[in-house]
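Below is one structure, written out as structure tokens, with a few remarks after it.
The values are calculated or read from the model by the stated rules, or taken from the named source; none is laboratory data. These numbers come from a predicted model, not from an experiment. When we count neighbours, we look across all protein chains shown, and the Cβ atoms used for this are built from the backbone with ideal geometry, even at glycine. Just the protein is used for accessible areas: all its heavy atoms, side chains included, with ligands, DNA and RNA removed. Shrake-Rupley method; radii C 1.70, N 1.55, O 1.52, S 1.80 Å.
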Amino acid sequence: MPLFFKSKTPTINAEDVPLKYWTADNFRQWLEKQKYDNKTVINVLVKQHFDGTALLCCTADDFIQIGVPKGSALSIHYKINELKSQQTHRGILRESFAMHNTPQQQEVVMEEEQREKKDEEVEEVEAKELAVDLNDETAVEKTDPSTSDDSTSTISHSSSSSTNFQLIPEAPVWKIDKLSPSQKKNYDYCLQKLDHLKSQFDSDIISSICQNLIFSERFLYKYLNPQRLPIYTNNGMRKVPFMKIKLVVTEMSSGVAHRLLRRLGSKVKHSTIKRMEFGMFHTALICGPWYLEWCCDSLAIVRKKSSSKAIFVADVTEVRGEENVRNTIEKLAMVCSYWNAHKMYDNKTCNCQHFCMSVLDFLGLTNEYEKSIKGPMKTYIDRLKNNGICDMKYYLEPTLKDTIMHSDCSEELKKFVSQSSKKVVFTSHKILDEFVHVIQHHKPLYFEANGNYDYLLLKGFDRAFWLRSQSSSKTKDNDVQPLRDEKNTVLCPFSKCCGGEIHNGVVGKDYELDGISIDLPEFAEN
């Protein structure tokens, strides 16, 4: 007789349960449904009692550290993020917040969701910009300096009477069947990193991009070629070539969950954090006119746009003389092409910070870098690594506060310094510029008396604001715009002319590369 009335326990689909409220058992059920290996994945994760709150903050690296195979860890992290997006779209997460949270908590959650959505939009824009940078089609246009605003250039060019872009021929794609076994191996290794470009470019363009990334002579010609920069007429005057090297520190993500994880990781001295020079922050290099970085796509590339999340810029050194500049550019191409052909991004062993330190070491600039990070700048870097804090904090001496309060500065600046007796946190470019202007005017020897280290720290903040202002996602953000007078002239206190020279900076005169040309690369089986 059929058991029509047999009692059955209803099966709950974990994906219908708001991720935030998953139990460890929900996670196990989901892993089983996804058919992950019981021994190497499910049992390992179940022992750690991951619930929904933990999963919202976890990274693939956290799974790898407890013994989950890297491929499975990346897969789980990707699918959890996909599920989170799906639940948000379906209203499951939002409804669960309304059911379980107070109005104040719901408001915090809504703000977090808005920030995460904004981050996703920024990442989408940056992904498109990455594709454009990799293809790097040099513009053929003329620019009238009388109508352009050079003062807002992220990496500005030498002063001149006229400027235009010249068109130089692209390096032809080399035949794949002519590559040596080692060259073909490097090509295939890098090609897999470019899968995300298939929706935007055809196979020939992707092949050309891949070759430009792994052959140093092609990388040099395509991405570090002075001939691809705007042409300037300097009234027939030939100047000594030079380029300045700077280190840029940026925040990885502005999402609340990431900031919390970054801070907790720093406070408990997570093993990965210990090995990172700047804590859980992204770093890049500015080398003359080029913004160079190792991105999470495992590519060492030159970017046209700077980061919208820049928080600090430190001067490292200045390379002078045609031979030294040429050697530096060639070495940059060598180290970048090597990383593209042999390295894969890894948080513990091969991240953006490892890349920057490797480049500085290859250029012989490690000592220069260590000498440049002293005093308040070193204190700031230590705070990044040890505390996971990236605000633009400056300790305010009582005498400075008194000076500003009794000056004829703006009421906005007075209100800003009156809010704290010991420290200020800069969130506005204008306020930072005016703050330094007032100190320089009323206490002209203050920075020199402190060894200029305070000045260099504030200058690092200023350069970060300039980088943000040039990001496509921040161009209309009033907080990142510099101080201007009634005639709209930029009043940057860190880029004043002094004896014909301009102080180091992201704005100002950062390079002179006239006369340095790069030959069209020719194929040589090697």
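Look through the stretch 425-478, keep the residues that are loosely packed, with under 14 Cβ neighbours inside 10 Å and of a type in the set (A, V, I, L, M), and return whichever of them is modelled with the lowest pLDDT.
A449
For (1) assigned to a loop (DSSP other than H, G, I, E, B); (2) open to solvent by 50 Å² or more (accessible area, probe 1.4 Å), each residue gets a yes or a no:
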| residue | (1), (2) |
| --- | --- |
| C336 | no, no |
| A341 | no, no |
| K348 | yes, yes |
| S358 | no, no |
| K378 | no, yes |
| K393 | no, no |
| T399 | no, yes |
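Checking the structure you have, find out if any residue of the stretch 196-205 is touching a strand residue (DSSP E or B) at 6+ places or on another chain (Cβ under 6 Å), buried (at least 18 other Cβ atoms within 10 Å of the Cβ) and modelled with pLDDT under 90.
No.
Among the residues of the stretch 283-297, which ones are hydrophobic (A, V, I, L, M, F, W, C) and not in a strand (DSSP E or B)?
Of everything in the stretch 283-297, just one residue is hydrophobic (A, V, I, L, M, F, W, C) and not in a strand (DSSP E or B), namely C296.
Output yes when any residue across the stretch 393-416 is under 25 Å from I286 (Cα atoms), in contact with a Phe, Trp or Tyr (Cβ under 9 Å, 6 or more places away or on another chain) and either of a type outside the set (F, W, Y) or at pLDDT 80 or above (or both), and no when none is.
yes
For I64, only one of the following conditions fails: (1) in contact (Cβ under 8 Å) with a residue 12 or more places away in the chain; (2) surrounded by 17 or more Cβ atoms within 10 Å (Cβ to Cβ). What is its number?
Here I64 clears every test but (1).
How many residues, within the stretch 318-334, are outside any helix (DSSP H, G or I) and not acidic (D, E)? Spell out the reasoning first.
As a first pass, look at the stretch 318-334 and keep what is outside any helix (DSSP H, G or I): 318-321.
Still in the list and also not acidic (D, E): 319-321.
Total satisfying the criteria: 3.
Considering only the stretch 433-460, how many residues are under 12 Å from P493 (Cα atoms) and either acidic (D, E) or under 19 Å from the mean Cα position of the chain (by Cα) (or both)?
Of the residues in that region, 3 qualify.
Which of the residues that make up the stretch 405-424 are of a type outside the set (G, A, S), outside any helix (DSSP H, G or I) and either more than 23 Å from V490 (Cβ to Cβ) or open to solvent by less than 20 Å² (accessible area, probe 1.4 Å) (or both)? Break it down stepwise before answering.
Restricting attention to the stretch 405-424, the residues satisfying the condition of being of a type outside the set (G, A, S) are 405-406, 408-409, 411-417, 419, 422-424.
Within this subset, residues satisfying the condition of being outside any helix (DSSP H, G or I) are 406, 408-409, 419, 422-424.
H406, C409, Q419, K422, K423, V424, listed by residue number.
If you go through the stretch 176-195 one residue at a time, how many are without any contact (Cβ under 8 Å) to a residue 60 or more places away in the chain and either open to solvent by 60 Å² or more (accessible area, probe 1.4 Å) or not in a helix (DSSP H, G or I) (or both)?
Residues flagged as without any contact (Cβ under 8 Å) to a residue 60 or more places away in the chain and either open to solvent by 60 Å² or more (accessible area, probe 1.4 Å) or not in a helix (DSSP H, G or I) (or both) within the stretch 176-195 amount to 8.
Per-residue answers, yes or no, for (1) under 27 Å from L130 (Cβ atoms); (2) in contact with a helix residue (DSSP H, G or I) (Cβ under 7 Å, 6 or more places away or on another chain); (3) open to solvent by less than 40 Å² (accessible area, probe 1.4 Å); (4) modelled with pLDDT under 75:
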site	(1), (2), (3), (4)
G236	no, no, no, yes
A257	yes, yes, yes, yes
L261	yes, yes, no, yes
H270	no, no, no, yes
E277	yes, yes, no, yes
P289	yes, no, yes, no
F312	yes, yes, yes, no
E322	no, no, no, no
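Considering every residue within the stretch 95-103, establish whether at least one is at pLDDT 80 or above, of a type in the set (V, I, T) and either assigned to a helix (DSSP H, G or I) or open to solvent by less than 80 Å² (accessible area, probe 1.4 Å) (or both).
No: zero hits.
Exactly one condition in (1) of a type in the set (A, V, I, L, M, F, W, C); (2) closer than 30 Å to N452 by Cα; (3) free of Cβ contacts under 8 Å to residues at least 60 places away in the same chain is not met by V313; state its number.
Unmet condition: (3).
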